[in-house]
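Novice: Mind having a look at this structure? Questions to follow.
The values are calculated or read from the model by the stated rules, or taken from the named source; none is laboratory data. In this text the structure is predicted, and so the values were computed from the model without any measurement. Cβ placement follows ideal geometry from the backbone for every residue including glycine, while neighbour counts extend to all protein chains displayed. Just the protein is used for accessible areas: all its heavy atoms, side chains included, with ligands, DNA and RNA removed. Shrake-Rupley method; radii C 1.70, N 1.55, O 1.52, S 1.80 Å.
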Amino acid sequence: MSAQLPPGLQLEKTDERIMTLNVGPQHPGSGHMRLIVQIDGDYIVACDPDPGYVHRGEEKMAEYRNYITNIPHLERPVIHDSCNILYPYVLGVEDILGIEVPERAKYVRVIASELNRCVYTLYWLAIYGIFLGHSTMFMWPTGDRELFIDLLEKMTGARVTHAYMVPGGVRNDLPANFEDVCLRQVDYFEKRIAEYADVFYDNPILIARTENTGVLSRTDAIRLGTTGSVLRASGVDYDIRKREPYDVYDSLDFETNVLRAGDAYARSKIPWLDMMESCRIIRDALSKMPKSGSVRVKLKPNPKGGEESVYRRVESGRGALGCHIISRKKPEPYRVKLSVGSFRNLIALPYLLKGERLGNMPSVYWSLNYWPVEADR
Amino acid sequence: MEHSQPPADSIETPGHAALMVKRFPDGAILSEDTARPQVLVPKERILEAAAYARELGYDHAESVTGVDYPDQNEIEVVYHLGSYTDESLNGTVMALATRAPREEAPKPGHDSTRLPSLRGTFYSVEFHEREIFEMLGVYFEGHPDNRRLLLPEDWADLPPLRKDFAIKGR
């Protein structure tokens, strides 16, 4: 039967011992995606991720809009990290249009994207907590996230969908007394985040459920092309902010976090450590930022690029985020491709779940720092 | 300043784009930028070119883009290759491109729009190639899993990222 079907429409094989289980797409433990899991008793034999339930055709839509009107919809795949998903697109458009960004705008962008990284990571951590049945860890990050949402609201006017990054800088300048409010919130958050260790990261139940679970070796992390926290939890020190600094990251003082274990525990710890570095970056950027000056270069209406192809990348909350833009002398880009961390880390999921117990599936799945909507674009 | 000495750049080893084209003379350099070399090789040589890129130190594919060029009757697939292991390739991403023939009435999987899969050389392209198969109809020969990924299983229209697939109302 399956031989007559075109590729892409093959039927699944069944076996009397193996049971096929659909996790999702409505299951709270999968997000908007389906995991087709084959189990033998309690052990996972194979896992076939089936994303695409929230595919919006962002790349197709980008071909119909000009470089500026693309901004609000391109951030939609991951609204909690909207500054970081727009960042590579904006850098690429600046390359195509040959725009030089004012110094102050570069710092403001870095601050906005680090605040956004914390917003995203706290949301992710909250869901990781509830996945593992730890409802305190759902409440705490959800509450603390408001600190950064408030700051971003002051900066951009919107709580989540900021559309703040624009080619040539940022949409508007910081409000008066932003620096004081920001430092106060960050100081409070740094004290607060240390308490996460007491309730979550040093919790023996969490450690028992995640340590030595879903171990990804260094070699495999490289071979599978994983990125972000997944890669750094497996002992590869690769952070785009250090390896290919964009805007002013090379002048800021911060470290990258690397762990060697490669298990779900290490993967869940890296984003938490990253948030501490984000606080350092924000504080450093606020002190080094020019106190006045323009934050945006005015563009001509409907700007056109030449015939070129650019690929820019940044470090988002979920790893490297690349944007490939092809311009063919039109106000609209000819092709925009977003290479997102979630999509790249998905390849590790079937690999890690093989031989794992079904009960460990949520802890492995969410430790990949996967955001279904972003992977689908 | 006097220019009796050659500038430092010219003494350095040739860029990766130049090395690629030296090895594969039927290829073309699209950009010689050291951070973003871009090369186009014919599809018959793409497997050898990928193996050579591995020798140069690239160990994973970051992104794979499929681009439809109806005016040239071709579909381009661009592999963006990066390296986690080679420190000297820190900020370098090589774009290795190849082109497949394009058909007016595509029958994905059953027409001439085919390319060899790079999954054997760069395992990380697995899902990216599946995405290009459904979005542009490029069948990757040697890929063990040429199935739909994001689109519904019963999608019967044109592959949506082809230029002749128009969004309604636009």
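Novice: Taking a point 7 angstrom from the Cα of A:Glu190 along the C-beta vector, which residues in the stretch A:243-257 have backbone N less than 15 Å away?
Specialist: The answer is A:253-255, whose backbone nitrogens lie closer than 15 Å to the label point.
Novice: With N residues in the stretch B:87-138, what two-decimal value do you get for its Cα radius of gyration over 2.2 N^0.38 Å?
Specialist: With N residues counted in the stretch B:87-138, Rg over 2.2 N^0.38 Å equals 1.40.
Novice: For q values of 0.14, 0.21, 0.26, 0.29 Å⁻¹, compute log₁₀ I(q)/I(0) with the Debye formula on a Cα-only model of the stretch A:266-307, without solvent.
Specialist: -0.66, -0.75, -0.92, -1.02
Novice: Can you work out the Karplus-derived ³J(HN,Hα) for every residue in the stretch A:280-296? Use 6.51 cos²θ - 1.76 cosθ + 1.60 with θ = phi - 60°, whole Hz, and x for glycine or proline.
Specialist: 4, 4, 4, 5, 5, 5, 5, 6, 8, 5, x, 6, 8, x, 6, 10, 7
Novice: Of the accessible area of chain A, with the probe set at 1.4 angstrom, what percent is carbon plus sulfur?
Specialist: 51 percent
Novice: In degrees from 0 to 90, rounded to the nearest 10, what is the angle of the helix A:136-156 Cα long axis to the longest principal axis of chain A?
Specialist: Approximately 20 degrees, to the nearest ten.
Novice: Would you compute, from DSSP H runs of 4+ residues alone, the mean residue ellipticity of the protein assembly as shown at 222 nm, taking -39500 (n - 2.57) per run and dividing by the full residue count, rounded to the nearest 500?
Specialist: -11000 deg cm²/dmol
Novice: Charges at C-beta only: +1 for Lys and Arg, -1 for Asp and Glu. How large is the resulting dipole of the stretch A:74-193 about its Cα centre, in Debye rounded to 20?
Specialist: Numbers: 12 positive and 16 negative charges, 58 e Å.
Computed charge dipole of the stretch A:74-193: roughly 280 debye.
Novice: Starting from the stretch B:55-152, pick out the GluC sites (Glu not before Pro) whose DSSP state is loop and whose Cβ has at most 10 other Cβ atoms within 10 Å. Walk me through the numbers on the way to the answer.
Specialist: Values: sites: B:Glu55, B:Glu62, B:Glu74, B:Glu76, B:Glu87, B:Glu103, B:Glu104, B:Glu126, B:Glu129, B:Glu131, B:Glu134, B:Glu141; in loops: B:Glu103, B:Glu104.
When the GluC sites (Glu not before Pro) of the stretch B:55-152 are filtered for loop state and at most 10 Cβ neighbours within 10 Å, B:Glu104 remain.
Novice: For the stretch A:58-376, what is the charge dipole size about the Cα centre, in debye to the nearest 20, if Lys and Arg each add +1 at the Cβ and Asp and Glu each add -1 at the Cβ?
Specialist: Charge dipole of the stretch A:58-376: 820 debye, to the nearest 20.
Novice: Another question, then. Ignoring GluC sites (Glu not before Pro) that are buried or in helix or strand per DSSP, and keeping those with at most 10 other beta carbon atoms within 10 Å, what is the longest stretch of chain A between them?
Specialist: A:101-377
Novice: Taking A:Lys330 as the anchor, which lysines have their alpha carbon closer than 20 Å to its alpha carbon, excluding any fewer than eight residues away along the same chain?
Specialist: Here the lysines satisfying the reach criterion relative to A:Lys330 are A:Lys60, A:Lys298, A:Lys300, A:Lys304, B:Lys163.
Novice: Once each part is reduced to its C-alpha centroid, what is the distance from the stretch A:114-134 to the stretch B:18-83 in angstrom?
Specialist: Centre-to-centre distance over Cα atoms comes out at 38 Å.
Novice: How shielded is A:329-341 by partner chains, expressed as the average number of their Cβ atoms within 10 Å of its Cβ atoms? The partial results should precede the final answer.
Specialist: Working: counts 0, 0, 0, 0, 0, 4, 9, 1, 10, 2, 7, 1, 0.
That average works out to 3.
Novice: In nm, to one decimal, how far is the B:Ile29 label point from the B:Asp86 one, both placed 7 Å along Cα→Cβ?
Specialist: Simple spin-label model gives 1.7 nm for this pair.
Novice: Most fluctuating residue of A:Asn116, A:Asn212, A:Asn203 in a GNM of chain A with Cα springs under 10 Å: which is it?
Specialist: Maximum among the listed residues: A:Asn203.
Novice: Something else: For chain A, take every pair of Cα atoms, bin their distances at 10 Å starting from 0, and report each bin as a whole percent.
Specialist: That works out to 5, 23, 32, 24, 12, 4, 1, 0, in percent per bin.
Novice: Turning to a different aspect of this structure: To the nearest 100 Å², how much accessible surface do chains A and B hide from each other in total, with a 1.4 Å probe?
Specialist: So the total buried area for this chain pair works out to about 4300 Å².
Novice: Bins of 5 Å, beginning at zero and ending with the bin holding the largest distance: percent of Cα pairs per bin for the stretch B:11-141, please.
Specialist: Pair shares across the bins are 2, 11, 22, 24, 19, 12, 6, 3, 1, 0, 0.
Novice: Find the relative contact order for the stretch B:11-141 and round it to a whole percent, using C-alpha pairs within less than 8 Å whose residues are 6+ positions apart.
Specialist: Once normalised by length, the contact order is 22 percent.
Novice: Picking from A:Thr213, A:Gly317, A:Ser294, whose Cα lies most toward the positive end of the charge dipole for the stretch A:195-340 (charges on Cβ: Lys, Arg +1; Asp, Glu -1)?
Specialist: A:Ser294
Novice: Here is a further query. Averaged per residue, what accessible surface does the protein assembly as shown expose to a 1.4 Å probe, in Å²?
Specialist: Per residue, the protein assembly as shown has 39 Å² of solvent-accessible surface.
Novice: Please report, in debye to the nearest 20, how large the charge dipole of the stretch B:11-141 is about its Cα centre when each Lys and Arg carries +1 at its beta carbon and each Asp and Glu carries -1 there.
Specialist: Dipole about the Cα centre, nearest 20: 240 debye.
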